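The values are calculated or read from the model by the stated rules, or taken from the named source; none is laboratory data. All figures in this text were calculated on a predicted structure; none of them were measured in a lab. Counting neighbours? That spans all protein chains shown, and the Cβs are built from the backbone with ideal geometry, glycine included.
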Amino acid sequence: MTVSDPRAFLKTLFSAAVTAADPVHAMRRLLTERPKGRTIVIGAGKGSAQMAAALESFWDGPLEGLIVTRYGFGMPCKHIEIIEASHPVPDAAGLAAAERLLKRVERLSPDDLVIALISGGGSALLPSPPPGLTLEDEIALNKALLASGAPISAMNTIRKHVSRIKGGRLAAAAAPARVISLIVSDVPGDNPAFVASGPTVPDGSSPADALAAIRRYGIPVAPHLLAHIESEASRAPNPADAAFSRNSVHIVASAALSLEAAAFAARAAGVEAVILSDAIEGEAREQAHMHAAIAREVLMRNRPFTKPVVLLSGGETTVTVKGKGKGGRNSEFQLSLAMDLDGWEGIDALAADTDGVDGSEDNAGAFVDGGTIARMRAAGLVPADYLSNNDAWSAFNVEGGLFVTGPTGTNVNDFRAILIR
């Protein structure tokens, strides 16, 4: 089959992936019991306000609660308060919201039900430094983590040892009430304790694990923060604690489900689809080299797959920030991919974050094809310099390849689609 408009085709696959990440059907199936006592809704993340609005649409009993989401990601709710705060760097609004969440779950009874709506981004949205530490400490730590190139699992292991709310502490504060955690996973492998640093899901990681991650990835951490992590006070709750015995945890949307939906949409359009992996990690620019090599092999030799075909992958790549430019991991992936595909006609690609925001800028990601680099050079750009400066957004802004969607209402991490025609 011939795809007459590759970008429109790739947009269709992205839309299918985002639609499949809508958690409402799973939420409706799981939330069938009404408690004898109160129903308290809590949560945080870039998709949590949309989850709250969906919950209100089918819940037939009284409820109340508080959700924290990123600025611009709020949704109108009748009974659940929505607070917006900063992401990816925490701010005072998030600090106040975290304190209010902890207050919301105080003095509950065994007859009460807490519904926790958790999605990616909750780590930054819920700063809650322990005694002796400050918001500025969390901000400095978060900036160091974001620039380190460490995988999300390592970052969240560290974060939950410098917090009063992460690592299951929010669920522990709600005891003896029952807590049902409904989670939109944005982490490779879908470990629920890693999503938003697990405010309602303990995982048993130790201070030693956090220190090992700091050493492994060379993360600069202030001495007083290291002293706190080394202390027994930093230890997160044990998953075997009786406080969690009545709780349940459910993944209601994930990258795996979204990639399967995109593959189905591609096949419906007459193009074979192959899912490489839903859990790809590592440096964005390095992963781009691997994807480009496969795409070129397919184009030249029809192996390991026969063209036309679309290669799909997900997960969460990282960027070790050394420059001072603008962009996120998907834009950086695409700039590196474009350089590897320079002059290779017949390959088109989209990489985007399923929440609609790549890094700190206004785009979800970017498109590339065999002519992307030529267009950048024609505009007077030196693509390698922009990549070295971690400035992919600026390069695509000039070239015209930015993919802008606005907030999507969900977050199952990176989506990559490479069409070989």
Problem - Per-region count, segment 120-156, residues in a loop (DSSP other than H, G, I, E, B) and of a type outside the set (A, V, I, L, M, F, W, C) - result: 11
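Take Ala338 and decide whether it is surrounded by 17 or more Cβ atoms within 10 Å (Cβ to Cβ), modelled with pLDDT of 95 or more, more than 23 Å from Tyr71 (Cα to Cα) and touching a Ser or Thr at 6+ places or on another chain (Cβ under 9 Å). Please lay out each step first, then the result.
On the way: surrounded by 17 or more Cβ atoms within 10 Å (Cβ to Cβ): yes; modelled with pLDDT of 95 or more: yes; more than 23 Å from Tyr71 (Cα to Cα): yes; touching a Ser or Thr at 6+ places or on another chain (Cβ under 9 Å): yes.
Spelling it out, Ala338 is indeed surrounded by 17 or more Cβ atoms within 10 Å (Cβ to Cβ), modelled with pLDDT of 95 or more, more than 23 Å from Tyr71 (Cα to Cα) and touching a Ser or Thr at 6+ places or on another chain (Cβ under 9 Å).
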Practice task
Output yes when any residue across segment 54-72 is assigned by TED's automatic domain parsing to the domain that holds Val187, in contact with a Cys (Cβ under 7 Å, 6 or more places away or on another chain) and touching a residue at least 12 places away in the same chain (Cβ under 8 Å), and no when none is.
Solution key: yes
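Can you find, within segment 403-419, the residue that is nearest to Asp340 (Cα to Cα) among those that are crowded, with 24+ Cβ neighbours inside 10 Å, aliphatic (A, V, I, L, M) and over 13 Å from the mean Cα position of the chain (by Cα)? So that I can check it myself, show each step before the final result.
Going residue by residue through segment 403-419, those that are crowded, with 24+ Cβ neighbours inside 10 Å are 408-419.
Adding the requirement that they be aliphatic (A, V, I, L, M) leaves 412, 417-419.
Right, trim to over 13 Å from the mean Cα position of the chain (by Cα) and you get 417-419.
Working: Ala417: 16, Ile418: 13, Leu419: 15 Å.
Top of the filtered list is Ile418.
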Exercise for the section: List every residue pair whose Cβ atoms lie under 8 Å apart, where the two residues are 6 or more positions apart in sequence or sit on different chains, the first residue falls within segment 129-148 and is in the same structural domain as Ala236 (by TED's automatic domain parsing), and the second residue, located anywhere, is part of a helix (DSSP H, G or I) and among the charged types (D, E, K, R). Expected result: Pro129/Asp137; Pro129/Glu138; Leu141/Arg159; Asn142/Arg159; Leu145/Arg159
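Quickly run through segment 268-320 and pick out the residues that are aliphatic (A, V, I, L, M), farther than 18 Å from Ala417 by Cβ and crowded, with 17+ Cβ neighbours inside 10 Å. Steps first, please.
Quick first cut of segment 268-320, residues aliphatic (A, V, I, L, M) only: 268-269, 271, 273-276, 279-280, 284, 288, 290, 292-295, 298-300, 309-312, 319.
Next cut, farther than 18 Å from Ala417 by Cβ only: 300, 319.
Within segment 268-320, Val319 is the sole residue that qualifies.
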Handout entry: Any chance Asp358 is acidic (Asp, Glu), in contact (Cβ under 8 Å) with a residue 24 or more places away in the chain and part of a strand (DSSP E or B)
Key = no
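Which of the residues spanning segment 281-333 are in a helix (DSSP H, G or I) and among the basic types (Lys, Arg)? Steps first, please.
Step one: filter segment 281-333 for residues in a helix (DSSP H, G or I), giving 284-301, 329-333.
Matches in segment 281-333: Arg285, Arg296, Arg301, Arg329.
Listed here are the residues, each with its yes/no results for (1) in contact with a His (Cβ under 9 Å, 6 or more places away or on another chain); (2) within 30 Å of Ser109 (Cα to Cα).
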| site | (1), (2) |
| --- | --- |
| Gly167 | yes, yes |
| Ala173 | no, yes |
| Pro199 | no, yes |
| Asp209 | yes, no |
| Ala222 | no, no |
| Glu232 | no, yes |
| Ala236 | yes, yes |
| Leu257 | no, no |
